[in-house]
Amino acid sequence: MQQVKHLLFPFNFLLPILGVLSAFGTLQSQETLTLEKAISIGMENNFSIKIDEKNIEIAETNNNWINTGKTPTIDLNAGFNNNLTNDNNPASFLQGTFYSGGLNATLNGNWVIYNGGRFKINKQQLELAVSQQRLNKAAGIHDLLRDIYQQYYTVIFQQEQLEVLNQVFDLSKDRLRYENIKKEYGQSNSYNLTQFKSAVLTDSISIVQQLQNIEVAKRNLYQTLDIIGFENYQFSEKLEVRPDPINEDALRTAMSEENYTLKSLDMLASLNQLNTEFAKVTRKPTLSVNAALGYARNGFKFFADDPNTGDPFKFLQSNRFTGNANLALNYNLYDGGKQKIDINTAQLQEELDQLSILETKANLTNQLDILLANYQNQIQLLELTDSQIEIARQNIELTEERFKAGQLTSLDFRNVQIQYLNAAFSKISAIYELLLSRNEIDWLVGRYEG
């Protein structure tokens, strides 16, 4: 048995490491992270969604008739002026030191009564700004759901690859123990032992690397969920898929109504339609009324004596009230053709918007066709991998029997083992790719069917 321990030494040191790494998550936390919980955390923590919500609040606050210019404005202006003058000019009417000052206040009001419909268009633009911010939030949530879904199942995918590697690793260890027993009874040789020892070491390294792949996948998911610090959730789900039949016509209809790229283009087209209307109403006159009410009180004091009486001059005061009301009409009769050019440009932009929408629909339809074809191909691949892995399992069992009977070499057994590993990886990959393929279809269409 000393010989067995000696032959196991090159990878004995890896076994405790693998055990510690595999159990690390269990020791840290027993909390399970489901897809639904991941989505809930992402929706709660995501900073982009919070920013979009604030932008919606800002747009809703700005959406009022005040910002359209429809309401009248009233301004109050007041002043208190003081001047002290010492004039020694012989030609001046007043020579000496005197004070002049005044207190005044003016109330000005302005109201645009008619401006050709600009108020209504401005209000519609503000309402569209609110809708645009809400659309931005909805599109952000839609993208977030896709990212969470894909990254969550990437973790599950990496974990299932680890399970396959562990199965192969256990099989390699069993074969090595069996070969060591045969060696003790003189039924094996150092060459076979070296081959199995190399296989165990290779599988051990693959497991360590796969544990790192799992950690990276988790970190990517945690970053998308905006989880600060280390969270070692357990992922207990398995890669499972049920390829349901797809109604392609229903998906195309849904895409034309729900796709967020098309929604954004429609929103832009609506804004440009308002720009066209705005260009047209600039031809119409504007009518406004303004009024003012003013009061002023002035004071004057000459610092000298009255030559007629010898008494100091008195402090003189006066006041004045003013008021006015005006009606103003502005109608541009000719501007060299600028208004006509602006209208033509706005109408051309509307036509360009419709062409962009048609082009985008064509591109999206092509993308959907590619995704649907890929989805069907993935279903076929999954069916083929089911057969492939079943054959690989049978091959492992038959090879093990023939190996024990001495009919195959250790190299032959390892080749069959690798075939099983590749078949198992292919099946896991087929399920994973099928899940992602359906998720991409849902994302492109604009709604998730679950």
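Before moving on, here are some points about what is shown:
- Among 61, 365, sorting on how many other beta-carbon atoms sit within 10 Å of each Cβ, with the fewest leading, yields 61, 365.
- In plain terms, the chain from residue 380 to residue 84 could stretch by 96.6 nm, reckoned as 0.36 nm per residue minus the Cα-Cα distance.
- Here the 3J(HN,Hα) profile of region 397-402, calculated from phi with Karplus coefficients 6.51, -1.76 and 1.60 at θ = phi - 60°, is 5, 5, 5, 5, 5, 5 Hz, Gly and Pro shown as x.
- Amide H contacts under 5 Å for residue 234: 31, 32, 33, restricted to partners 5 or more places along the chain or on a different chain, H placed in the peptide plane at 1.01 Å from N.
- Net lengthening on full extension, residue 60/residue 48 (0.36 nm per residue, minus Cα-Cα): 2.5 nm
- Among 107, 201, 371, the residue with the largest mean-square fluctuation in a Gaussian network model of the chain, with springs joining Cα atoms closer than 10 Å, is 107.
- Residue-span extension gain [residue 37 to residue 402] - 0.36 nm each, minus C-alpha spacing: 126.5 nm
- Farthest towards the positive end of the charge dipole of the chain, among the residues 435, 86, 107, is the Cα of 86, using unit charges on the Cβ of Lys, Arg, Asp and Glu.
- Taken about its Cα centre, the chain carries a charge dipole of about 940 debye when Lys and Arg each add +1 at the Cβ and Asp and Glu each add -1 at the Cβ.
- Most mobile listed residue (319, 275, 439) in the chain, GNM with C-alpha springs under 10 Å: 319
- Structure-derived mean projected area of the Cα convex hull in nm²: which label, when the choices are (1) 21.2; (2) 31.7; (3) 43.3: (3)
- Couplings 3J(HN,Hα) for region 34-49, derived from phi with the Karplus relation 6.51 cos²θ - 1.76 cosθ + 1.60 (θ = phi - 60°), are 8, 5, 4, 5, 4, 5, 4, 5, x, 5, 7, 9, 4, 6, 5, 5 Hz, where x marks Gly and Pro.
- Counting lysine pairs in region 112-271 whose alpha carbons fall under 27 angstrom apart, excluding pairs fewer than 8 residues apart on the same chain, gives 13.
- Once C-alpha pairs closer than 8 Å and six or more residues apart are averaged by separation and normalised to the residue number of the chain, the relative contact order reads 22 percent.
- Those residues of region 275-292 whose amide nitrogen sits under 14 Å from the label point placed on residue 331, 7 Å along Cα→Cβ: 283-288
- Along the axis of the charge dipole computed for the chain (Cβ charges of +1 for Lys and Arg, -1 for Asp and Glu, origin at the Cα centre), the listed residues 382, 191, 140 are led at the positive end by 140.
- FRET efficiency estimate (nearest 0.05) - Cβ-Cβ, residue 439 to residue 213, R0 22 angstrom: 0.60
- Spin-label model, residue 350 to residue 306: label points 7 Å out along the Cα-to-beta-carbon direction sit 7.9 nm apart.
- Anisotropy class of region 231-318 from Cα gyration tensor, a/c 1.5 cut: oblate
- Highest-MSF residue in the chain out of 85, 282, 224 [GNM, Cα springs under 10 Å]: 85
- Working note: Karplus 6.51/-1.76/1.60 with θ = phi - 60° gives region 420-429 the couplings 5, 4, 5, 5, 5, 4, 5, 5, 4, 5 Hz, where Gly and Pro are set to x.
Quick note: the coordinates plus some simple rules give every number you see, no bench work behind them. What you see is a predicted model, and the numbers here were worked out from it, not measured in a lab. Here Cβ is always computed from backbone atoms with ideal geometry, including for glycine, and neighbour counts include all displayed protein chains.
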